[in-house]
Amino acid sequence: MEHTVQWVRTSWTKRSRGGEGAARRNAAPVGFVLPSGRASSAHVVRTALEVRTAHVVRMAEREGFAPRETQEELRGIAVGLREADGRLRVLPRVDPLFGLPPRLRRPPAVRLRPGEWVRWQLNHRFSSATGTQDWSYWLDTYNIAYGPVDAEVFLSEPTVFVDECGPLR
């Protein structure tokens, strides 16, 4: 069965940790309308090699959190998807481990039935190896639907929401 993947990455530095910068960052959307031709059965692009794509949206502090949309191969997205027993198993991969804020443990995978979708959020923080550059942060939001969908599916409330965000200091 078909599935739709939308990956939204919001990235920022300490300049957007408070005040106006944080207000702009927090106002950034976590779900977008699918590009034309991506809804329903057209949303999974397949070739003879079975290459699948994802709708990717990046928003960066240095660009005023303006969304930049692209299509990328699904195998390059850090999320594990597997169909079994009429369900889609979803579990984002966490790479690299050094970018994670402290978490007690990861939640289990989500198993979606046809017609359901999950919004899964993970955050990360990084510093330069020498400590000479400022901290940088990002929020990854994975919107994943199982079965046919319309273009505005990720603007609605998800069937399942997983908040795997930790403290960023």
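Points worth noting:
- With R₀ set to 25 Å, the beta-carbon distance separating ARG24 from TRP135 gives a calculated FRET efficiency near 0.90.
- Cβ crowding within 10 Å, taken as a proxy for footprinting-reagent exposure, orders THR159, THR70, THR4 from fewest neighbours to most as THR70, THR159, THR4.
- Applying 0.36 nm per residue to the separation of PHE126 and LEU104 and subtracting their alpha-carbon distance, the gain on full extension is 6.0 nm.
- Counting Lys and Arg as +1 and Asp and Glu as -1 over every other residue whose Cβ lies under 11 Å from the Cβ of ARG111, the net charge comes to +1.
- In plain terms, the residue of SER136, SER156, SER11 with the fewest other Cβ atoms within 10 Å comes first and the most crowded comes last, giving SER156, SER136, SER11.
Where a number appears in this text, it was derived from the coordinates with a stated rule and is not lab data. From a predicted model like this one, the values you see are computed outputs, not experimental measurements. Don't worry about glycine lacking a Cβ; one is built from the backbone with ideal geometry, like all the others, and counts go over all protein chains shown.
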